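K.L.:
My questions will all concern the structure given below.
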Amino acid sequence: MSSQYRNRIELLQGTLDMLILRTLAWGAQHGYGISQAIRAGSSEVLQVETGSLYPALHRLERQGWVRSAWGHSENKQRAKYYSLTAAGRKQLTAERERWKQMSAAIDRLMEA
C-alpha cells in the first residue's frame with residue numbers, strides 16, 4: 001500500500017459541504033477552482049475528487065445555499081461558476097460552530 005494511499009483522507013459529506021461553502025465565501029468559483037482551493041488551503045492533504053465535488057455542489061444548490069451561473073474561465077473556456085447565497089452564509093456559520101464542537105469533543109477523547 002503506497003504512503004499516498006494511506007495518507008488519503010476521505011471526507012464525510014457534511015465536512016465536504018462545509019469546505020465548499022467556506023471556499024465560496026471567498027468569492028464565486030468554478031468546480032475545478034473549488035477543488036484546487038481546498039487542496040491548496042489544506043497544504044495538499046485534502047483532495048476532492050470530481051465524483052464527490054459535483055454531486056455536493058448540486059445538493060448545495062438544491063438546498064439554496066449555492067447558486068450557479070455560466071461564465072468563462074481564465075483560459076476562456078465555458079464554465080459553471082458557483083457562489084454562496086445569504087442562506088449559504090448562514091449555513092456556513094452553523095456548520096463552523098458544529099465543527100468546532102465536534103472537533104473539541106474528539107480532541108477531548110483522544111487526549112483522555
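K.L.:
Run through every distinct alpha carbon pair of the chain and return the Kirkwood hydrodynamic radius in angstroms, one decimal place.
P.N.:
Answer for the chain: a Kirkwood hydrodynamic radius of 15.1 Å.
K.L.:
Would you mind checking the radius of gyration and Dmax of the stretch 55-96 based on alpha-carbon positions, in Å?
P.N.:
Rg, Dmax (Cα atoms, Å): 12.0, 36.
K.L.:
Starting from the Cα of residue 80, draw a straight line to each of the aspartates and glutamates and keep only those under 20 Å, dropping any in the same chain fewer than 8 residues away.
P.N.:
Filter leaves 17, 49, 61.
Quick note: the coordinates plus some simple rules give every number you see, no bench work behind them. Not measured: the values here are computed from a predicted model.
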